[in-house]
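For reference, the structure discussed in these notes is given below.
The values are calculated or read from the model by the stated rules, or taken from the named source; none is laboratory data. If you're wondering where the values come from, they're calculated on a predicted model, not measured in any experiment. Neighbour counts are summed over all protein chains in view; Cβ atoms, including those assigned to glycine, are modelled from backbone coordinates with ideal geometry.
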Amino acid sequence: MKKIISKTIVLSLALAPMLLAETVQMQELQVEAKINSVMISDVSGEELKSADLAESLSETVPSISLVRRSGIANDIILRGQKKDNINVLADGTKTYGACPNRMDPATSHILTNNIESVEVTEGPYDVENFGTLSGLVDIKTKKPSKELSGEVNLNAGSFNYKKASATVSGGNDKVRVLLSASKETSDQYKDGNGDTFADQIDNYIANNSAGLSGMPLAQFQGTAYQPQYRDMKAFDKKTFMGKLYFNPTDNQELRLSYTANRSDDVLYGSSSMDALYDDSDIYNLEYSIADMGSLSKKLDFQAYHSEVDHPMSNKYRISGTLPANVMISALSTSVDGLKLKNLMELGEADLTVGLDASRRNWDGDYTKGGTLLPTKSIDDVNTDNMALFAKIEQSFGKVDLEVGARYDDTTIDHGGALQDNDYSAFSGYLSATYNADKGIQYFVGAGKSTRVPDARELYFTSNSSAISGTPTLDQTKNYEIDLGVKKQYENAYVKTKIFHSWLKDFIAYNASKAPGMMSMPGAYDVFENVDAKVYGIEFSTFYAASDALSFDAGLAYQRGKKDSPLSGATQNDRDLAEIPPLKVNAAVNYDTDMTSSKIEVVAADNWSNFDSDNGEQAISGYAIANIKWNRDLTNGFDITLGMDNVFDHAYAVSNTYKDLTLLASAGNEVILMNEPGRYVYANLRYRF
C-alpha cells in the first residue's frame, strides 16, 4: 500500500507541469445539507465550553448519543450504531483509535476549536469511503484565509477546567497559511452527587464487595486509585494544526495539512486502566484541478497518513502500587490512504468516478513490571482495502435523483499464527427527492452497505493468552430504507424521517463466552454474527417568531432487535445492545446585534429495552437544562458565559454493554458512570 501511495504521489508531481498550463478560474463549491443529512455550521465559534466533539454532537443532533469514557475523548452512537459501524472522517482522512476499549475514538482526535462544520449523513448513502455501514460523520476543519485574521480564546470552567487556544491565518491569491494551537486541562469532574471519578469507584466497590464470589476482594479493590493519585487531573491535552494552501494557477489548488494531538494522563474512571498518553498525528495532501475539459469538471487526488499511540496502565490504581505489578497495554495503529476521483458532466448529469485505497495496521504489546510479555494483544494486523466507486446525480424537473455504487476488495492479514481473511462486497444506493409545490420535499432512499470486522473482533488476545477474538467472522451487511418529508415555511420548517435497517451478520458481543478474570489460555470466540433489525423515527423543527426570537427542537427514537438470541444456554434476550431510548433536544434562542442567548433542554426516556444478557442495565431517564449567553464587547472582543446541567442533576447516559471492558464485580454488576454535575464556564475571545 505504501508503494502504491508513493507511486501515485510521484505520478501527480510529474504531471504537474502539464496541468499548470490550464488557467481557468476554479469555482468555489457550495455544500448544502440534504433532507437525509444534518449540517452543523460554525462549530468552532459556537462550541466554546470544551474541545470534545462527541459532547457537542450529542447536544446538537437528536439521533446522536454520547458514550461517556472520560472527561474528554468520548464516543458517539448514531442511530443505535457505534465504532466501525459508523464512519468518521476529517477533511477526508481516516483516523482509527488504537485502544480496543474505545478510550480514543476517532472523534477525539479532532477538536471543536479547529472545526468549521460537521455534516451527519444517516444511513448507507455514501460510496466514496470505506466502511460507511450506517452513517457518516463528515468533519470539515478551518480553511486558511487570504486576509490576515485570527482569534484567541481563554476559557475557564468548573472542576478547574482551563483552556487557551489561538488561530492565525493569512496569505494572498497564491499562498494561504493557517496555524492553530490549544492547551486544556481539567480536574476530575464531579457528578450531581458531588462525586469525582475516584469517589464513584469507591462507591461502586463499597456497594458490591459484600457479595463477591470467586474473586479475591483485594483484586476487586485494586481497581481504586492509590491515595496519592485520587485527586490527580483528569487530562492534560495539547493540539496543533497547520495548513498550507497553494494555488499555482487559477484552476489548481494544492492543500497540505498536519494535525497533532498530545493527551497525557487521561483518567477512565469506569475502567481498570488509564491512558498514560494518547498521541495522534494526521498528515494530509490534497490536489484539485478544475475545468480540464469535457471529461473532467473537477479532478481530486488525496493521500494521507494518520497514526495513534495509546499505552494504558494500572499505574495509578492500587493494583499497580508495586512496580512489579504495573501492567501496560500499549497499542498503536496507523492508516495510509489515497483517493482519486473525477467529476464530469454527462449531459445534465454529474458523474463522479473514483478509486479508494487504504491500509490500516494495528499492533499491541503487554508489559508487566517493565518486562515485555510474550503475548501480543493484537499481532501486527494489516487491513488492506481497494475499491472502485461511482455516483451519478441528475435532476428531472422536480425530482433530484442520486445513484451510487461501490465494489470493495479487502484482505486482513494476521502477523502471527491466526487465520487471514478475505472479503469482497458490492454496495450501492438509490435516493430521490421530490420538490413539490408549497415548499414540501419528499425523500426516499434505499441502499446496501458493508463493513468488515476489525482486528480486535477477529484476533484480540488477553495477557493470559486467552483469545477473545473470533477469526471466522463474516462482514456485516446493512440493507436499509429511509423515508422523509420536509415542509418549508417562510419562517419555519418541519422535517420527519423514518428508517428500517436489516443487518445481516451483525457483529455482536456474547458475554456468556467471555473468559473470566482468571482465564486460562484458549479460544473463546466472544464475538459472533447475528441477523438483526434497527428501525426508528426522527423529527426536527425550527420556528423564527421574530428577527430575534427563535425555537428549535428535535427528537429521535430507535428500536433494535436480534432475529434470534445469541448462542448459548444463558442467552435469551433479543434486544440489540446500544440502542438509546427516546431522546429530545429543544432550545429557545434570542439574538440581537450585540448579544445572543440560548436556553436548551436535553432529555431522554428510561432504558426499558436493553440487552441484559450482555451487561446492559436499566437506566433512569433524565432532563437537564443548559443556558448560554454571549455579548460582543469592543475592539474585537466578546464574552460567553454558560451553565450546563443547571439543576445539578445526577444522571447517566451511557449503558454498560460488555463489549467495553468496564469495572465489574463477580456478580456481574457493572459500574455505571455518571455525567458531570452543574458546570459553569466563561470564555473570552478576541478576533481580528
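List of remarks:
- None of Asp363, Asp356 is without any contact (Cβ under 8 Å) to a residue 60 or more places away in the chain, charged (D, E, K, R), touching a strand residue (DSSP E or B) at 6+ places or on another chain (Cβ under 6 Å) and part of a strand (DSSP E or B) except Asp363.
- Close pairs (9 angstrom Cβ cut-off, 6 or more residues apart or separate chains): without any contact (Cβ under 8 Å) to a residue 40 or more places away in the chain in region 366-378, surrounded by 14 or more Cβ atoms within 10 Å (Cβ to Cβ) and in a strand (DSSP E or B) anywhere: Leu372/Asp365; Leu372/Tyr366; Pro374/Tyr366
- Matching entry among Gly71, Gly80 (being more than 27 Å from Ala508 (Cβ to Cβ) and modelled with pLDDT of 90 or more): Gly71
- Filter result for Arg678 (closer than 30 Å to Ala224 by Cα, surrounded by fewer than 18 Cβ atoms within 10 Å (Cβ to Cβ) and of a type in the set (Lys, Arg)): yes
- Residues (assigned to a strand (DSSP E or B), in contact (Cβ under 8 Å) with a residue 12 or more places away in the chain and surrounded by fewer than 18 Cβ atoms within 10 Å (Cβ to Cβ)) located in region 393-402: Glu393, Gln394, Ser395, Val399, Leu401
Listed here are the residues, each with its yes/no results for (1) under 28 Å from Lys486 (Cβ atoms); (2) without any contact (Cβ under 8 Å) to a residue 60 or more places away in the chain; (3) assigned to a strand (DSSP E or B); (4) not polar (S, T, N, Q).
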residue	(1), (2), (3), (4)
Val381	no, no, yes, yes
Ala387	no, no, yes, yes
Lys391	yes, no, yes, yes
Tyr407	no, yes, yes, yes
Gln419	no, yes, no, no
Tyr423	no, yes, yes, yes
Tyr429	yes, no, yes, yes
Gln441	yes, no, yes, no
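- Residue in region 141-151 that is assigned to a strand (DSSP E or B) and under 22 Å from Val266 (Cβ atoms) present: no
- Any hit, region 461-483, residues being surrounded by fewer than 16 Cβ atoms within 10 Å (Cβ to Cβ), over 23 Å from Asp400 (Cβ atoms), modelled with pLDDT under 95 and hydrophobic (A, V, I, L, M, F, W, C): no
- The residue of region 261-270 that is farthest from His109 (Cα to Cα), among those that are under 19 Å from the mean Cα position of the chain (by Cα), of a type outside the set (Lys, Arg) and assigned to a strand (DSSP E or B), is Val266.
- Some residue of region 563-570 being of a type in the set (S, T, N, Q), assigned to a loop (DSSP other than H, G, I, E, B) and farther than 29 Å from Ala446 by Cβ: yes
- Of the numbered criteria (1) under 23 Å from Leu331 (Cβ atoms); (2) surrounded by fewer than 23 Cβ atoms within 10 Å (Cβ to Cβ); (3) at pLDDT below 95; (4) among the aliphatic types (A, V, I, L, M), the one Leu66 fails is (1).
- Boolean, Val118 is in a strand (DSSP E or B), within 23 Å of the chain's Cα centre (by Cα), surrounded by 24 or more Cβ atoms within 10 Å (Cβ to Cβ) and of a type outside the set (Asp, Glu): yes
- Filter result for Ile289 (among the β-branched types (Val, Ile, Thr) and over 21 Å from the mean Cα position of the chain (by Cα)): yes
- Scanning region 79-108 for residues that are over 9 Å from the mean Cα position of the chain (by Cα) and under 28 Å from Ile624 (Cα atoms) gives Arg79, Gly80, Gln81, Arg102, Met103, Asp104.
- For the residues Phe499, Phe542, the requirement of being out of contact with any Ser or Thr (no Cβ under 6 Å at 6 or more places or on another chain), assigned to a strand (DSSP E or B) and under 20 Å from Gly439 (Cα atoms) singles out Phe542.
- For region 69-93, the candidate set comprises residues that are assigned to a strand (DSSP E or B) and in contact with a helix residue (DSSP H, G or I) (Cβ under 8 Å, 6 or more places away or on another chain); within that set, the residue that is surrounded by the most Cβ atoms within 10 Å (Cβ to Cβ) is Val88.
- Residues (over 14 Å from Leu331 (Cβ atoms) and either surrounded by fewer than 23 Cβ atoms within 10 Å (Cβ to Cβ) or touching a Gly at 6+ places or on another chain (Cβ under 6 Å) (or both)) located in region 273-287: Asp281, Tyr283, Asn284, Leu285, Glu286, Tyr287
- Residues within region 319-353 that are in contact (Cβ under 8 Å) with a residue 40 or more places away in the chain, among the polar types (S, T, N, Q) and assigned to a strand (DSSP E or B), tallied: 5
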